[in-house]
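Reading through the structure tokens given below for one structure.
The values are calculated or read from the model by the stated rules, or taken from the named source; none is laboratory data. The shown structure was predicted, so the numbers you read here are calculated from the model rather than taken from an experiment. Cβ coordinates were reconstructed from backbone atoms using ideal geometry, including for glycine residues, and neighbour counts include every protein chain displayed. With ligands, DNA and RNA removed, areas are computed over all heavy atoms of the protein, side chains included. Shrake-Rupley method; radii C 1.70, N 1.55, O 1.52, S 1.80 Å.
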Amino acid sequence: MARLRGAALPLLVLALLAAAPFLGFGAGHALTLLARGMILGIAALGLWLLVGGAGLVSLGHAAMLGIGAYAVVVLDAAGISEAAVVLPAAMGAAALFALLTGAIAIGTSGVHFIMITLAFAQMAFFTTGSLSAYGGDDGYTLYGRTTVLGARWPEDRLAFHYLCLGLLAAVLALCQVLLASRFGRVLRAAKENAERVQAVGFNPYPYRLVAYTIAGGIAGLAGLLLANATEFVAPSFLAWQRSGDLLFMVILGGLGAPHGAILGALAIVLLEEWLAGFTEHWRLIFGPLLVLAVLFLRGGLAGLPGQLRGLLRRG
Amino acid sequence: MTIQLLLVQALNGLQLGVLLFLVAAGLTLVFGVMDFINLAHGVQYMLGAYLGASLAALTGSFWWALLLALPAALAIGLLLEWLVFRHLYDRDHLSQVLATFGVILFLNQAVKAVWGTAPLQMPVPDLLSGGISLMPGLQYPVYRLAILVAGLAIALLLWLLVERTRAGALVRAGASNRPMLAALGIDTGRLFMLVFGFGAMLAGFAGVMAAPILSVEPGMGDTVLILAFVVIVIGGIGSVRGAFLAALLVGLIETLGRSLMPDLMRIFLAPAPARQAGAALASMLVYVAMAAILAFRPRGLFPARGG
């Protein structure tokens, strides 16, 4: 029963996203917004694997997303837009960056890990700003979107919506499978108590490095999608504020379960848009809302149903 | 690159360093003593600059502005502590990060709503205007020297306060073992408030002092916040001495890197790519230094927490 209940919320969210184009969200603008939410949701899922799964709080996740996007740019400038090339390049480049920087960063812990991941992301950020062949600070407008085996169907908004949704569901499933596996159990155990994990004969380091690399690859996928959604890539993709945004999506969504990351990403993207419709000073409302969410939503959005049930039972 | 130019850049670097120290000192104490990550510390600096600039315009005097901005910065810091931060001390770091980020969003936007998005200017006071000749062929603005001197004086004062007074001893004890301090019957709530208000005032002071030489604009606190975090991590969390040395180091690396790197790159590259690669490398240098220091000393140069 508890297991069913745990699966109900993510399935409901995915079903709502699938039905959204027919529930009044079928207009161009609404679809763009939802695609953005789902793409950032994919990146946030990868980050959730680190924060919620392995207890590694990274403030450099946007770098991996940006490297995926810049892989699209480099291939686009070379005249290659075939997904069979672009996809492995984007995911591979981001995963490789994660592997190399993670090998150093995972030696530290806590706030030092936060800062060293930030440092590597800033290095990547300033590097992309100096790539004059790809627009430097001004960014790069893609000649064309990624094609799948030569076909151009992802250019259709509705097709792209379902492509993002399918990948989102696949990444969510991957996270859940990983978490339930032996690998995931070692990760979670090391998050709770690294000394005990070592005492029973596991070294957490390689497990954490693999998780960091997988999260990097997932972010690279999100970067590829984001570059396609906006048809424009700029160094701001890698800015530390965006890493912060991803982290806030994960925290707001809740660390209890991976689908929290999706809820957090959708909530932040939609809330920003909704509030911006009222006033240009929408952050005056959004900021205090974040504070209130921290003070009163202890389990994040994913923990909300449980919290409500608790209230009803007591009341 | 002449020796004069190098000296000017070194002085500029030290001056950026003391400003960073003023912001980082509050941050490292709050972090070290209360184990509280306050991202909103950067906006305290920004508010100091805005208060300074608008009070200077109102009173027509830099000195009145400085005198009035400090208690105002203190009051805002204490108000934020009472409204938000105090409820977060016993929460995990992630909650603190998210909530204080909410405070940043609110205050950045509030500043835009009140003062507009155009940068404000604050005039240099008459007493400290003009330049001074440090050596033949080397003119340096008096005001920048004044920042350096004021920053060093405050660093000394802070050192005396932390190392030589009872309150300082409590702060150091809190940074090294907080539960033990509470167990000994110290009212940690009051200590936290004191440290917090003091840190907010120092950041506000840095903002007022920086206002005449920088443009006062929304978001100016974010850049300083990140550099201040770099400083406290390099210096070792909770250590005022570490923050001081790391702040000067970061200030020098940042300033000298920007002026030297493009020339250095010209040895290997053609002028145009050298300028670009040099600028990118210069911006990266601080982070490269931090990553290198953390890779070899994962707890910073002067860690305060024992064991």
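For the listed peptides B:245-253, A:146-154, B:59-67, A:163-171, a ranking on the average number of other beta carbons within 10 Å per residue, highest first, reads B:245-253, A:163-171, B:59-67, A:146-154.
Could you order B:165, B:223 so the one with the most accessible surface comes first? Probe is 1.4 Å. If you can, show how the numbers build up before the last one.
On the way: B:165 55, B:223 90 Å².
Reading off the accessible areas and sorting them downward yields B:223, B:165.
Each part gets one Cα centre, and for the stretch B:143-219 versus the stretch B:3-27 those centres are 18 Å apart.
Shielding by partners for peptide B:271-283, expressed as the average number of C-beta atoms from other protein chains within 10 Å of each residue's C-beta, is 3. Scanning residues 5 or more positions from residue B:301 or on other chains, those with amide H under 5 Å from its amide H are B:235, B:236, with H placed 1.01 Å from N in the peptide plane. Shielding value for A:277-283 is 3, the average number of Cβ atoms from other chains within 10 Å of each residue's Cβ.
Among the protein heavy atoms, those of residue A:273 account for about 70 Å² of accessible surface (1.4 Å probe, every chain in place).
Given the rule -39500 (n - 2.57) for each run of at least 4 DSSP H residues, summed and divided by the residues of the protein assembly as shown, what is its mean residue ellipticity at 222 nm, to the nearest 500 deg cm²/dmol? Before the final figure, lay out the partial values.
Values: 24 runs with 450 residues, N = 622.
Computed ellipticity for the protein assembly as shown at 222 nm equals -24500 deg cm²/dmol.
Can you give the mean number of other chain Cβ atoms that lie within 10 Å of the Cβ atoms in peptide A:112-124? Could you put the intermediate results ahead of the total?
Details: counts 8, 2, 5, 11, 8, 1, 7, 13, 4, 1, 9, 8, 2.
Mean shielding count: 6.
Each residue was assigned an accessible area with a 1.4 Å probe, and for residue A:132 the value is about 80 Å². One Cα centroid belongs to the stretch A:191-232, the other to the stretch B:80-116; the line between them spans 29 Å.
Other residues with beta-carbon under 14 Å from the beta-carbon of residue B:167 carry, at +1 per Lys or Arg and -1 per Asp or Glu, a net charge of +2. Distance from the C-alpha centroid of the stretch A:64-92 to that of the stretch B:42-72: 49 Å, rounded to the whole angstrom.
Binning the C-alpha pair distances of the protein assembly as shown at 20 Å intervals from 0 yields a P(r) profile of 18, 52, 27, 3, 0 %, listed from the shortest bin outward. Each DSSP beta bridge with both residues in the protein assembly as shown is either parallel or antiparallel, and the antiparallel ones are about 90%. How would the stretch B:8-218 be classified by its alpha-carbon gyration tensor: rounded, prolate or oblate, with rounded meaning a/c under 1.5 and the a/b versus b/c comparison settling the rest? Verdict is oblate for the stretch B:8-218. Note on chain B: with a GNM built from Cα contacts shorter than 10 Å, the maximum mean-square fluctuation among B:229, B:205, B:268 falls on B:268.
What ratio of Cα Rg to 2.2 N^0.38 Å holds for the stretch A:2-314? Provide the component values of the computation, followed by the final result.
Details: Rg = 19.2 Å, N = 313, 2.2 N^0.38 = 19.5 Å.
For the stretch A:2-314, the normalised Cα radius of gyration comes out at 0.99.
Only protein heavy atoms count here; on that basis, with a 1.4 Å probe, residue A:192 has an accessible area of about 140 Å².
Under 5 Å from the amide H of residue B:131 lie the amide H atoms of B:142, each residue being 5 or more positions distant or on a separate chain, with H modelled from the backbone and absent for Pro and chain starts. Residue-wise HN-Hα couplings along the stretch B:224-240, as the Karplus relation 6.51 cos²θ - 1.76 cosθ + 1.60 with θ = phi - 60° gives them from phi, are 5, 4, 5, 5, 5, 5, 4, 4, 6, 6, 5, x, x, 5, x, 9, 5 Hz; Gly and Pro carry x.
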